[in-house]
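Down below is the structure, laid out as C-alpha cells.
Read the figures in this text as sums done on the coordinates, not as results from a lab. Being a predicted model, the structure only gives us computed values, none of them experimental. Using ideal geometry, Cβ is built from the backbone for each residue, glycine included, and neighbour counts are taken over all protein chains shown.
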Amino acid sequence: MNQKQAIYDELCRVLTDYEGNGSQKNATADDLYAMLVKIQNNWEGVITANGSDNDTAHDLSDRCKILVLYVSIWDGGTEIETTAIVDIRTGEVTDVTSVNVTGLELCEREYIVMNSEQVDVYHDEHGYDLWADIENEYGG
C-alpha cells in the first residue's frame, strides 16, 4: 500500500470513529485535528504529487465532488428536498435530481446542506448553472 492510500485509510478510520455508533464516539476533536495536520504535512509530497498514482486531473476533480441534500423553498414555505452534486473546490452544483413541482409557482430560495449548514445556491446570469456560496460559508 502506498503512503497516499495509507493516509486516506487512516482518515476514513478517524472519521468513522468520530461519527461513532449512536452516542458513543471513539475519536475526539483532537484526533480530527491531528489527522488534518497529518494531511497538511503530506499535501505537497504525497497527496497531490503529480503522477504518484497515475492520477489524472479528471480523477482529482471527481474526488472533490460530493453528494449533498438540495432544498428548494416554494410558495411561502413548501420545502422540496432532493439531492445534488457539489464541487467543493468551485462551488458548482450539478446533477440535481429532478422532482415534480406541479402546482407550485414561486421558488423563493434554494440551498444545499453541507456539514449540517445551509449554503445558499444561486443561478448564473443566464439562469442555467448553479453555484453554492461555499466561499462565503467556508472561506474558500
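Tell me the net charge near residue 75. Cut-off is 11 Å between Cβ atoms, residue 75 excluded, with +1 for each Lys or Arg and -1 for each Asp or Glu. Counting the neighbours of residue 75, the net charge comes to -3. Counting charges near residue 109 (Lys, Arg +1; Asp, Glu -1) among other residues having Cβ under 10 Å from its Cβ returns a value of -4.
Quick one: net charge around residue 123, please, counting Lys, Arg +1 and Asp, Glu -1 for every other residue with C-beta under 10 Å from its C-beta. Kindly include the intermediate steps, with their values, before the conclusion.
Numbers: positive: none; negative: 110, 124, 125, 129.
In short, -4.
Taking amide H as placed 1.01 Å from N in the peptide plane, the amide H of residue 114 sits under 5 Å from that of 119, each at least 5 places away or on another chain.
In segment 80-134, how does Rg compare with the Kirkwood Rh, expressed as the Rg/Rh ratio over alpha carbon atoms? When Rh is taken as the Kirkwood radius, the ratio is 0.95.
Peptide packing for 100-107, 127-134 was compared via the average number of neighbouring C-beta atoms within 10 Å per residue; ordered from the highest value, the list is 127-134, 100-107.
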